[in-house]
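> Take a look at the following structure, please.
The values are calculated or read from the model by the stated rules, or taken from the named source; none is laboratory data. All values derive from a computational prediction rather than experimental measurement. Using ideal geometry, Cβ is built from the backbone for each residue, glycine included, and neighbour counts are taken over all protein chains shown.
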């Protein structure tokens, strides 16, 4: 059984790149261009990790992360906030995210985060 990652970003190029990288690492990938009904999306995808853009429509990554972390059922799923915001560490902390990834990022940073939060079988 492969591990699952949910990617939420409204930039189709980022979704394509991240999906390609994670699938080549052996992960099953789900993605979305919005964070509407974030709880339903995460329950449906049942991911081992969520990667969420801060500027994603409609409520944004910080509020979406806060909703996930407030859910008793979903709060233990690692959430990585990623963005080009200069104050990303503070945003991630206020959201309750497990980590953050500054855009633009390189391939090694992306892979390292996945390996850090998704345990190998």
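> Being modelled with pLDDT under 95 and buried (at least 20 other Cβ atoms within 10 Å of the Cβ) narrows it down to one residue among 56, 38, 52; which is it?
The unique qualifying residue is 56.
> Of all residues in the stretch 4-25, which are surrounded by fewer than 20 Cβ atoms within 10 Å (Cβ to Cβ) and under 15 Å from residue 110 (Cβ atoms)?
If the condition is that a residue be surrounded by fewer than 20 Cβ atoms within 10 Å (Cβ to Cβ) and under 15 Å from residue 110 (Cβ atoms), then 11, 13, 14, 15, 16, 17, 19, 20, 21, 23, 24, 25 are the ones that fit.
> Can you report the number of residues in the stretch 61-94 which are part of a loop (DSSP other than H, G, I, E, B) and touching a helix residue (DSSP H, G or I) at 6+ places or on another chain (Cβ under 9 Å)?
The number of residues fulfilling the criteria is 7.
> Scanning for something surrounded by 15 or more Cβ atoms within 10 Å (Cβ to Cβ) and in contact (Cβ under 8 Å) with a residue 60 or more places away in the chain, does the stretch 26-34 turn up at least one residue?
yes
> Please state which one of 104, 78, 57 is touching a strand residue (DSSP E or B) at 6+ places or on another chain (Cβ under 6 Å) and within 24 Å of residue 21 (Cα to Cα).
Sole residue among the options that is touching a strand residue (DSSP E or B) at 6+ places or on another chain (Cβ under 6 Å) and within 24 Å of residue 21 (Cα to Cα): 78.
> Name the residues in the stretch 1-14 that are within 11 Å of the chain's Cα centre (by Cα) and within 19 Å of residue 59 (Cβ to Cβ), would you?
Hits for the stretch 1-14 are 6, 7, 8, 9.
> Condition (residue is within 24 Å of residue 2 (Cβ to Cβ), surrounded by fewer than 18 Cβ atoms within 10 Å (Cβ to Cβ), touching a helix residue (DSSP H, G or I) at 6+ places or on another chain (Cβ under 6 Å) and free of Cβ contacts under 8 Å to residues at least 60 places away in the same chain) applied to the stretch 102-117: is it met by at least one residue?
No, there is no match, as no residue in the stretch 102-117 is within 24 Å of residue 2 (Cβ to Cβ), surrounded by fewer than 18 Cβ atoms within 10 Å (Cβ to Cβ), touching a helix residue (DSSP H, G or I) at 6+ places or on another chain (Cβ under 6 Å) and free of Cβ contacts under 8 Å to residues at least 60 places away in the same chain.
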